[in-house]
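What follows is a set of notes on a single structure, which appears directly below.
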Amino acid sequence: MRKLKAYRFRIYPTAEQEEMFRRISGCCRLVYNLGLEQRRTFWRQYRDTQGRHISCAGQRREIKDLKAEAAFLKEVPAHCLQMALVDLDSAFQRFFSGAGGYPRPRKRLRNDSFTFPDPEQIRVDVGRGVLILPKFGRTSRDNGPIRAVFHRQLEGRVRRVTIGRDGTHWYASVQVAVRVRRALKPEGITEADVVAADRGAVVPVVTSDGALLGAPVTTERDRRKLKRLQKQLARTQRGSKRHLKALGRLRAKTAKLTRRRRDMTHQITSTFAKNHRVVILEDLKVQAMTASAKGTVAEPGRNVAQKAGLNRSILDVGWGEIERQLRYKLAWHGGVLLKVPAANTSRTCAQCLTVDAASRVSRDRFRCTSCGHESDADVNAAIEIRRRGLIALGLRPRPGLPGLPVEPSAPSTAPCETREKEKSGTQPRGAIAPETVRA
Ligand SMILES: [Zn+2]
């Protein structure tokens, strides 16, 4: 079976090439927005006069007429313009299927990407460190090949390339089709294949084998800096040069944090997908959890400040994104993602299964009110999530010590900061769980 995979490489266009990028993205936006306008405003009129609905293919045919009116469209690669309408169509499909909102017009600086869909016209030259695309290096008179840093080997067959920008950097996203392992059969799963992950209070992800993955993305210093940049921006006059400059600085900073977050998320999910065949997560509604706690005037919410802090940390690690990446990366390796009900996982003792809110003695410590089992609150919750996953898979964990693993995962396989969680605990891990499974 084949699956799509995308590699993102930083590219370093020359001033000339960058100018061309701007022109292409401008034209693609124009075509996209005109197509959107046509669908939004004229669909009824179109249906009544033409006897059919506006289709993607129909819109794509109309590009020819559009070019007759706007000659500058002829100077950019035709395929990119076509792709803008394909993107528009997918946005509408998502809307009709309920997966997305009504498509919105594309804006400069926010939607600067464009796609080259024809593999025949794309060459990724890893050896020379260049990317060759229509208008870029295909003939001796065009804008020349684009310099790129291929920080990793490509595998699979190239299907398309998207050029885009975040903040101040340009990048190329190379989509390839790769062969993937056949999905794991349920009867082939053993306890050792199963690991659970929970969001941590201190680090983004905590696993049932005691590993702490990742580190908070935004530090207090970053937050101060962001605030300062926002203030600077607020003091400038809209449309002035200083306003643009301040906006650029703020964008560069947020783009940097976004890159940091993306890098960390990818590292965590890649390690997971490579090392585990079944990953269990809590079925949480991220949106509901991050809903504002402010409440209404008549009924003000409680713990507003505390909730705001929690929101920040949940959104900071992008739990939804972690889940999305885990799902597709596990699929590449033939693994599966399973979700179990979240109720009470943070209040359940992993050792004796007693549910008591009082056991959670602080934000990050758990001490069972019934049996006295003490551990990191997030690791305890992850173990409980794993137990529920094992039950859901029909692999009943051993009685008494529900799937409490003996060793933490090897630090060498963990992406970021991994440390043994029990170091402040009272008992060594081996002592509490003498006869349990290896995770
Ligand atoms: Zn207990």
Problem set entry | Subset of segment 42-85 [of a type in the set (Gly, Ala, Ser) and under 21 Å from residue 161 (Cβ atoms)] | 78, 84
Exercise. Which residue pairs have Cβ atoms closer than 9 Å, lie 6 or more positions apart in sequence or on different chains, and pair a first residue in segment 183-207 that is within 17 Å of residue 350 (Cβ to Cβ) with a second residue that is among the aromatic types (Phe, Trp, Tyr) and part of a helix (DSSP H, G or I)?
Worked result: 195/272; 197/272; 199/319; 207/272
Problem set entry | Pairs with Cβ under 8 Å, 6+ apart, first in segment 357-373 and away from the ligand (no atom under 12 Å from the Cβ), second acidic (Asp, Glu) | 364/376; 364/378; 365/374; 365/376
Exercise. Just one of 109, 66 is surrounded by 13 or more Cβ atoms within 10 Å (Cβ to Cβ) and within 28 Å of residue 19 (Cα to Cα); which is it?
Worked result: 66
For this session: Mind listing just one residue for me: the one in segment 343-356 that is more than 10 Å from the ligand (Cβ to nearest atom) and in contact with an Asp or Glu (Cβ under 7 Å, 6 or more places away or on another chain) and, of those, least open to solvent (accessible area, probe 1.4 Å)?
Result: 345
For this session: Specify which of the listed residues (59, 82) is without any contact (Cβ under 8 Å) to a residue 40 or more places away in the chain and either over 30 Å from residue 126 (Cα atoms) or outside any helix (DSSP H, G or I) (or both).
Result: 59
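The values are calculated or read from the model by the stated rules, or taken from the named source; none is laboratory data. What you see is a predicted model; the values in this text were computed from it and never measured. Cβ: placed from backbone, ideal geometry, glycine included. Neighbour counts: every protein chain shown. Areas reflect the complete protein model, heavy atoms only, side chains present, ligands, DNA and RNA absent. Shrake-Rupley method; radii C 1.70, N 1.55, O 1.52, S 1.80 Å.
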